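Undergrad: Have a look at the structure that comes next, please.
The values are calculated or read from the model by the stated rules, or taken from the named source; none is laboratory data. Remember, predicted model here, so these are calculated numbers, not experimental data. Here the Cβ positions follow ideal geometry from the backbone for every residue, glycine too, while neighbour counts run over all protein chains shown.
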Amino acid sequence: MTFFLQLLFAGVALGCIYALIGLGFSIIFKASGVINFAQGELLLVGAYLISAGMFEWHLPFFAALLLAIVVTVAIGVIFERLVLQRMIGKPVFSILMITIGLDVLLRTGVQLGFGADIQPAGSPFSLTQGIDAGGIHFGAADLWTIIITAALCAALYGFFRYTKYGLAMRATALDQEAALALGIDIRTVNALAWGIAALVATLGGFFLAIKKIEFDITLGNTALLAFPAIILGGLDSIPGAVIGGILIGLAEVVIGGYDSHFPLIFGSGIHEIAPYLIMIAVLLVRPYGLFGTRKVERL
């Protein structure tokens, strides 16, 4: 039982990382209808800047974190202002290809600037920090991952529900033409969405790097594991991204903890494909995800 509870805790912590990555996808999609395929490289940039800030430039952790947030947010906002605004009204496929281009540019920039060598994760925690209770080790990094994710979700809830720009983003997500008619500045809304998504990506990259202890330029590929989370929860649902991320994290860790006990039935690597199997099973029943908005088309 203790082993199972330890897996549950680790699964929730990993799921919170997926939730942070998924939040970035969902926020941009709700605001502009675009899937940002560069989201993974934004978290890569954030993780590298935190590591370089601490170990190469000898900055305090919080200064390195602030630097990473400022740079990634600037990248997101500038890209939206200079590139995506010129693509308004253009085919969605073209916009998707541009975000893939940004993905390649960011990864290449990181490789040129920092090299392809393995980097140590910048962190204020040590590997042994945490709390032991009932035979379960609650690692400090995992605890803070869960706490920060919960706090960020609460902050986003308050932002979208009670602030002027949050309400504008919600209105834009519902109907861009109606939002324009009401005088809402769609460009500002889109830039804000990219800025928030970049901030969330930086936090996700920080916690993901800590979990891996060391990382390289393939860190951004983890965003692919967030796709089952956001599709499972519903691509246009921010709460769905969080719940989907936690469900996928739990499935991956718990199944990974037990798959070695049944190698002849499932194989030793079933946990790697489990998120995608769960996603397919859910979509067969609910094509728009657990919390996605069902679209009704009249013919």
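Undergrad: Which is β-branched (Val, Ile, Thr), in contact with a Cys (Cβ under 8 Å, 6 or more places away or on another chain) and closer than 20 Å to Val45 by Cα, of Thr202, Thr149?
TA: Working: Thr202 fails: in contact with a Cys (Cβ under 8 Å, 6 or more places away or on another chain).
Only one candidate passes the filter, namely Thr149.
Undergrad: Restricting attention to segment 61-110, which residues are over 23 Å from Leu180 (Cα atoms), in contact with a Leu (Cβ under 8 Å, 6 or more places away or on another chain) and among the hydrophobic types (A, V, I, L, M, F, W, C)?
TA: If the condition is that a residue be over 23 Å from Leu180 (Cα atoms), in contact with a Leu (Cβ under 8 Å, 6 or more places away or on another chain) and among the hydrophobic types (A, V, I, L, M, F, W, C), then Ala64, Leu67, Ala68, Ile69, Val71, Val73, Ile75, Ile98, Leu106, Val110 are the ones that fit.
Undergrad: Of all residues in segment 190-217, which are more than 14 Å from the chain's Cα centre (by Cα), part of a helix (DSSP H, G or I) and surrounded by fewer than 23 Cβ atoms within 10 Å (Cβ to Cβ)?
TA: Answer for segment 190-217, where residues must be more than 14 Å from the chain's Cα centre (by Cα), part of a helix (DSSP H, G or I) and surrounded by fewer than 23 Cβ atoms within 10 Å (Cβ to Cβ): Ala191, Leu192, Lys211, Lys212, Ile217.
Undergrad: Sticking with this structure for a sec: Find the residue count for segment 90-123, including only residues that are surrounded by 13 or more Cβ atoms within 10 Å (Cβ to Cβ) and not in a helix (DSSP H, G or I).
TA: So the answer is 4.
Undergrad: Tell me which of these Asn36 doesn't satisfy, since it passes every other one: (1) under 15 Å from Thr72 (Cα atoms); (2) assigned to a helix (DSSP H, G or I); (3) not β-branched (Val, Ile, Thr).
TA: (2)
Undergrad: A further question on this structure: Does any residue of segment 32-41 turn out to be in contact with a Phe, Trp or Tyr (Cβ under 8 Å, 6 or more places away or on another chain), surrounded by 15 or more Cβ atoms within 10 Å (Cβ to Cβ), at pLDDT 90 or above and not aromatic (Phe, Trp, Tyr)?
TA: No, segment 32-41 contains no residue that is in contact with a Phe, Trp or Tyr (Cβ under 8 Å, 6 or more places away or on another chain), surrounded by 15 or more Cβ atoms within 10 Å (Cβ to Cβ), at pLDDT 90 or above and not aromatic (Phe, Trp, Tyr).
Undergrad: Here's a follow-up. If a residue must be assigned to a helix (DSSP H, G or I), among the aliphatic types (A, V, I, L, M) and exposed (fewer than 13 other Cβ atoms within 10 Å of the Cβ), how many such residues does segment 129-171 contain? Full working, then the answer.
TA: Residues of segment 129-171 that are assigned to a helix (DSSP H, G or I), as a first pass: 140-162, 164-171.
Checking which are among the aliphatic types (A, V, I, L, M) leaves us with 140-141, 143, 146-148, 150-152, 154-156, 167-169, 171.
Subset that is exposed (fewer than 13 other Cβ atoms within 10 Å of the Cβ): 147, 151, 154-155.
Adding up the residues that qualify gives 4.
Undergrad: With Leu7, Leu49, Leu44, Leu67 as the choices, which residue is in a helix (DSSP H, G or I) and within 30 Å of Ala133 (Cβ to Cβ)? Walk me through it before giving the result.
TA: Numbers: Leu49 fails: within 30 Å of Ala133 (Cβ to Cβ); Leu44 fails: within 30 Å of Ala133 (Cβ to Cβ); Leu67 fails: within 30 Å of Ala133 (Cβ to Cβ).
After ruling out the rest, the residue left standing is Leu7.
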